[in-house]
Amino acid sequence: MSNRQSGLIFVFAAPSGGGKSSLVKALLERDPNIVLSVSHTTRSPRPGEQDGVHYHFVSPEEFLRKKEKGDFIETAEVFGNYYGTSRQAILDKTEMGKDVALDIDWQGARQIRQLFPQNSFGIYILPPSMDILEQRLRNRGQDDEETIRYRMQQAEEELSHQDEFDFKVVNDEFEKALQEIQYIVSRCRMDR
């Protein structure tokens, strides 16, 4: 039996365009003790995304098979696509003493927090304003006008769940937000 301490789970959520994925990526680059949980999804890869690196891209049929088998620790349907986190991948990493970052939505965050109330922490990334959020979505150049409108409507719903999280970070200045997240992670490690 090992005396190694189990890893922590850091659950990140934000409305689309909030900068969550960029902040998580930067955190992983600076902190070798955190690894990313690569989610499964049925959505198509975006330009530059690689299977097994950014997501495990699967068909809806394969996703539902895995879900039925109990392979996922959490699942959510977002913008008409399924997303899920592998139960075994999380357990393997935390049992090795690694901290795990999950880049998911509020629905998945709620499920993770219920399953791991003692060693999971929710961090919600807030945009400075709805106007800036809309500007960021437009500047990404990924979505048409209808999709941007839909994402903005969804952002209102997603923001209504921010109080379910342990910490909130406003992503106004990227470096400042990243430093705040690093401080939160450090504090959670010390307080366990």
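Read the figures in this text as sums done on the coordinates, not as results from a lab. Everything numeric here is computed off the predicted structure, so don't read it as measured data. Don't worry about glycine lacking a Cβ; one is built from the backbone with ideal geometry, like all the others, and counts go over all protein chains shown.
Quick notes on this one:
- Largest GNM mean-square fluctuation among Arg149, Arg46, Arg136, using the chain with Cα springs under 10 Å: Arg46.
- Here the relative contact order of the chain, from alpha carbon pairs under 8 Å that lie six or more residues apart, stands at 32 percent.
- Potential lengthening between Asn33 and Leu64 on full extension [0.36 nm per residue; Cα-Cα distance subtracted]: 8.0 nm
- Counting only DSSP H runs of at least 4 residues, each contributing -39500 (n - 2.57), and dividing by the residue count of the chain, the helix-based mean residue ellipticity at 222 nm comes to -13500 deg cm²/dmol.
- Ranking of Ile184, Ile73, Ile123 by neighbouring Cβ atoms within 10 Å, starting from the fewest: Ile184, Ile73, Ile123.
- All-pairs Cα distance distribution in the chain, expressed in whole percent, bin size 10 Å: 9, 36, 39, 15, 2, 0
- Residue exposure proxy: Tyr82, Tyr183, ordered by other Cβ atoms within 10 angstrom of their Cβ from fewest to most, comes out as Tyr183, Tyr82.
- Extension gain, Ile132 to Gln50, is 26.7 nm, computed as 0.36 nm per intervening residue step minus the present C-alpha separation.
- Restricting attention to the chain, the count of lysine pairs at 8 or more positions apart or across chains with alpha carbons under 21 Å apart stands at 11.
- Per-peptide packing, taken as the mean over residues of other Cβ atoms within 10 Å, places 83-95, 168-180 in the sequence 83-95, 168-180 from highest down.
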